[in-house]
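These notes are about the structure you will find just below.
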Protein chains: 2
Amino acid sequence: MLPIAVDAMGGDKGPGEVVAGARQAASELGVPILLVGDPDAMGDPGDLEVLAASEVITMDEDAGAGIRRKKDSSVVRAAETVREGRASAMVSAGNTGAAMGSALLRMGRLPGVSRPAIATPIPVPGCTPTVLLDAGANAECQAAWLVQFAQMGAAYFTGRYGVEAPRVGLLSIGEEPSKGSPLVKEAHALLNAGDSAGLGGQFIGNVEGRDLMSDRVDVVVTDGFTGNIALKALEGAATVMRDAVFGVLMSTDEAVEASEVLLPLLAPLATEMDPDTYGGALLLGVDGVCIISHGSSSASAVVNAVRVARDMVDNGLVERLRQAIKG
Amino acid sequence: MLPIAVDAMGGDKGPGEVVAGARQAASELGVPILLVGDPDAMGDPGDLEVLAASEVITMDEDAGAGIRRKKDSSVVRAAETVREGRASAMVSAGNTGAAMGSALLRMGRLPGVSRPAIATPIPVPGCTPTVLLDAGANAECQAAWLVQFAQMGAAYFTGRYGVEAPRVGLLSIGEEPSKGSPLVKEAHALLNAGDSAGLGGQFIGNVEGRDLMSDRVDVVVTDGFTGNIALKALEGAATVMRDAVFGVLMSTDEAVEASEVLLPLLAPLATEMDPDTYGGALLLGVDGVCIISHGSSSASAVVNAVRVARDMVDNGLVERLRQAIKG
């Protein structure tokens, strides 16, 4: 297969962590990797192919300005490799807006897609994750875009988890169609009507915040403002709860002793709840596979991101999305 | 003091649970209680005073229609007792919309308040809770209302937790003032400008979803749609995580044995994270103290709700809000 382009300069932990993850992915998964970034800053790439890019768009930088000014930034170059057919997918743990903008500008939108959306898996203990979209690409949305998010989300869920006709819910503040913002009411009507004929999933109506981390629904559709806030609230809560439980386990000598039995049993749950396990979010609706990983991604998160990228390429995600939007 | 009116018919667990909580509150706290509801359905009220109300607005009922049709419902009557000076506060664990609507119609708004808002404490392990408002009263908001929510939230926080000049944040999808929806950008500008002079708190700018369960901020302001979704996402996550951890603790004989040491240590954390501990949400901006408890409230949640109601009466919450809005 074509290599997967990895933005070597992205992420809070620095190029060293990303490169370590990329090398691990290449050796564990046997996937060819194209590292994109500053060869002098990225440390030892091992035997991975490197595409030199002299600039970096930092985490705090304004994404739009960064993309316009820094044509030779690692993230813009990574997106170009996909457009040029030199790579099959891109992975970045850097500035989310920059990754999104680069993919949008360089790969372009799929025909008919109004707005690409960020689809993020939310861990659900003991179950398949819930896919939430839009998790932050579009702070303001129109109802028709939410219908497309539903179509793309369903196609992605089927491709990634092998579930035909996944359950699609619309995030609101009550289950009744009369509840919610004007945007939600309009989207509800569209999804209930003919517009959901080509949905590729079953529209189950409105769902609420508490359903995000449940097995009641597979794909949850919302605007990027609400989605980003819900996602970050959940991520924050998971971290706080994990730390609080861990703090109790370490709080007394007796607890530490008891924890020797329990920590190995709790480890799978901790892994299941860790966003790193899922490899990051996908930008759906661009003409290529673009994975946007958490800024805090560890090397193992990069391995998981490469795995998901490979699976989505093998799986024909882009073609699935093309059909979903056309249908 | 005047009694606290408790809607005996509200809540998923039925009148028995509410009445048990009310009796416990009266004996533990020494607070006079006025039970409002159907005497035949509420079981044994002990020596509590009862105000008969023949109707009930059920949890699933349309709140607006319920209030219009059922003038003799327990929740409407409870609100009336406050207006009439027969009770000092009302507590309901029933239909949230009905409690809100009854309080609004019967008690009325405080002068100058555009829209009352639901203020809900979000537990933060080891810290004072974060107060989130609006948690669902107003699905659509104007920027000026968010400024009032900030004023009311700060006054409430100071009254409830004794913290002067609490930190007030605006919920958005990035810390920069340029991030977010048009509503958030406009509210940010108002809060940064003269409008926050009478805030009674310090405006710290935008905060994100992950800050809700942190000690970075005291009062978080948002529209009722976003607030309700964030709150329910957090409540859902806390329940799911608690159940998952508990499941692990019970998963093997060895784990059960180890848990004998750990469960007593984890219990305070579980209590701290349980919404029942905080007695429910307050409807801020009406001319009276109105506590809206979770539908799933246990008897002990009712006790906590009565305690908060008493504290807020003793504390002059309504007068604080009146000053906050006037200032």
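Here, each number is a calculation from the coordinates, and none is a lab measurement. Just so we're clear, the structure is a prediction, and the values are computed from it rather than from any experiment. Cβ coordinates were reconstructed from backbone atoms using ideal geometry, including for glycine residues, and neighbour counts include every protein chain displayed.
If you rank A:Val36, B:Val31 by fewest surrounding Cβ atoms within 10 Å, what's the result?
With the sparsest Cβ surroundings first, the list reads B:Val31, A:Val36.
Of the options A:Leu190, A:Gly180, A:Gly295, report the single residue whose Cα projects farthest towards the positive end of the charge dipole of the protein assembly as shown (beta-carbon charges: Lys, Arg +1; Asp, Glu -1).
A:Leu190
Could you derive backbone 3J(HN,Hα) for segment B:128-134 from the dihedral phi with the Karplus parameters 6.51, -1.76 and 1.60 (θ = phi - 60°), listing whole Hz in sequence and x where the residue is Gly or Pro?
4, x, 8, 9, 9, 8, 8
Once amide H atoms are placed 1.01 Å from N in the peptide plane, what residues at a sequence separation of 5 or more from A:Asn206, or on another chain, have their amide H within under 5 Å of its amide H?
Amide H to amide H, under 5 Å and 5 or more residues apart or across chains, A:Asn206 pairs with A:Leu170.
Is there a pair in A:Lys185/B:Lys232; A:Lys179/B:Lys179; A:Lys232/B:Lys13; A:Lys179/B:Lys71; A:Lys13/A:Lys232; A:Lys13/A:Lys70 whose C-alpha atoms are over 30 Å apart, and which pairs would that be? Don't skip to the answer; put the middle values down first.
Values: A:Lys185/B:Lys232 19 Å; A:Lys179/B:Lys179 27 Å; A:Lys232/B:Lys13 32 Å; A:Lys179/B:Lys71 24 Å; A:Lys13/A:Lys232 19 Å; A:Lys13/A:Lys70 21 Å.
Over 30 Å apart, Cα to Cα: A:Lys232/B:Lys13.
Using θ = phi - 60° and the Karplus form 6.51 cos²θ - 1.76 cosθ + 1.60, what ³J(HN,Hα) does each residue of segment A:87-103 get, whole Hz, x for Gly and Pro?
Karplus-based 3J(HN,Hα) across segment A:87-103 equals 9, 8, 6, 10, 10, 9, 10, x, 3, 4, x, 5, 5, 5, x, 4, 5 Hz.
Taking every DSSP beta bridge with both residues inside chain B, roughly what % is antiparallel (nearest 5)?
Values: 9 of 37 bridges.
If we restrict to bridges inside chain B, about 25 percent are antiparallel.
What is the sum of charges around A:Gly136, taking Lys and Arg as +1, Asp and Glu as -1, for the other residues whose C-beta is under 11 Å from the C-beta of A:Gly136?
Around A:Gly136, the surrounding residues sum to -1.
Going toward the positive end of the dipole of the protein assembly as shown, with +1 on Lys and Arg Cβ and -1 on Asp and Glu Cβ, which of A:Pro111, A:Ala267, B:Ser92 do you reach last?
A:Pro111
About its Cα centre, how strong a charge dipole does segment B:1-102 have in debye, to the nearest 20, once Lys and Arg get +1 and Asp and Glu get -1 at the Cβ?
340
How charged is the neighbourhood of B:Gly97? Take every other residue with its Cβ under 10 Å from the Cβ of B:Gly97, and add Lys/Arg as +1 and Asp/Glu as -1.
Every neighbour counted, the sum reads -1.
Over chain A, calculate the relative contact order: mean separation of alpha carbon pairs under 8 Å at least 6 apart, over the residue count, as a percent.
Relative CO of chain A lands at 23 percent.
For the protein assembly as shown, what is Rg from Cα atoms divided by 2.2 N^0.38 Å, rounded to two decimals?
1.01
Pairs of Cα atoms under 8 Å, at least six residues apart: use those to get the relative contact order of segment A:114-275, whole percent. Intermediate values should be presented prior to the final figure.
Values: 278 pairs, mean separation 49.1, N = 162.
Result for segment A:114-275 is 30 percent.
DSSP loop GluC sites (Glu not before Pro) in segment A:139-207 with at most 12 other Cβ atoms within 10 Å of their Cβ, which ones?
A:Glu164
Skipping prolines and chain starts, which residues have an amide H placed within reach, meaning under 5 Å, of the one on A:Ser88, given they are 5 or more residues away or on another chain?
The list, which skips near neighbours in sequence, is A:Ile4, A:Ala5.
GluC sites (Glu not before Pro), restricted to segment B:1-58: which are DSSP loop and have at most 13 other Cβ atoms within 10 Å?
Qualifying residues, ordered by number: none.
Relative contact order for segment A:194-327: what percent, with Cα pairs under 8 Å and sequence separation of 6 or more? Each step should come with its number before you reach the end.
On the way: 82 pairs, mean separation 23.5, N = 134.
It rounds to 18 percent for segment A:194-327.
By count of other Cβ within 10 Å, fewest leading, how are B:Ile67, A:Ile4 ordered?
B:Ile67, A:Ile4
For chain B, state what percent of all Cα-Cα pairs lands in each successive 10 Å bin, counting from 0 Å until the bin that includes the largest distance.
6, 27, 32, 23, 10, 2, 0
Which ³J(HN,Hα) values in Hz, rounded to whole numbers, follow from the phi angles of segment B:222-229 under the Karplus curve 6.51 cos²θ - 1.76 cosθ + 1.60, where θ = phi - 60° and Gly and Pro get x?
Couplings: 7, 6, x, 6, 4, x, 5, 5 Hz.
Tell me which residues come under 5 Å, amide H to amide H, from B:His294 once H is placed; ignore anything under 5 positions away on its chain.
The list, which skips near neighbours in sequence, is B:Ala281.
Treating the beta-carbon of each Lys and Arg as +1 and of each Asp and Glu as -1, no other charges, what is the dipole magnitude of the protein assembly as shown about its Cα centre, to the nearest 20 debye?
2240
Excluding A:Met152 itself, calculate the net charge of residues whose Cβ lies under 11 Å from the Cβ of A:Met152, where each Lys or Arg counts +1 and each Asp or Glu counts -1.
Here the charged neighbours net out to +2.
Under the definition of partner shielding as Cβ atoms of other protein chains within 10 Å of a residue Cβ, what is the mean value for peptide B:254-261?
Rounded to a whole number, the mean comes out at 5.
Test of understanding: ordering B:Val147, A:Val124, B:Val219 by Cβ neighbours within 10 Å, fewest first, what list do you get? Intermediate values should be presented prior to the final figure.
Details: B:Val147 23, A:Val124 20, B:Val219 30.
Starting with the residue having the fewest Cβ neighbours, the order is A:Val124, B:Val147, B:Val219.
Rounded to the nearest Å, what's the spacing between the alpha carbon centres of segment B:54-131 and segment A:113-192? Just the number, please.
Here the answer is 32 Å between Cα centres.
Counting only other chains, and only Cβ atoms inside 10 Å, what mean value do you get across the residues of B:220-232?
Partner-chain Cβ atoms within 10 Å, mean over residues of B:220-232: 6.
To the nearest 20 debye, what charge dipole does chain A have about its Cα centre, counting +1 at the Cβ of each Lys and Arg and -1 at the Cβ of each Asp and Glu? Walk me through the intermediate numbers first.
Details: 25 positive and 41 negative charges, 268 e Å.
That gives chain A a dipole magnitude of about 1280 debye.
For chain A, build the charge dipole from Cβ charges (+1 Lys, Arg; -1 Asp, Glu) around the Cα centre, then report which of A:Phe149, A:Ser251, A:Pro166 sits farthest towards its positive end.
Selected residue: A:Phe149.
Please identify every one of the trypsin sites (Lys or Arg not before Pro) in segment A:42-89 that sits in a loop by DSSP and has no more than 15 other beta carbons within 10 Å of its own beta carbon.
A:Lys71, A:Arg86
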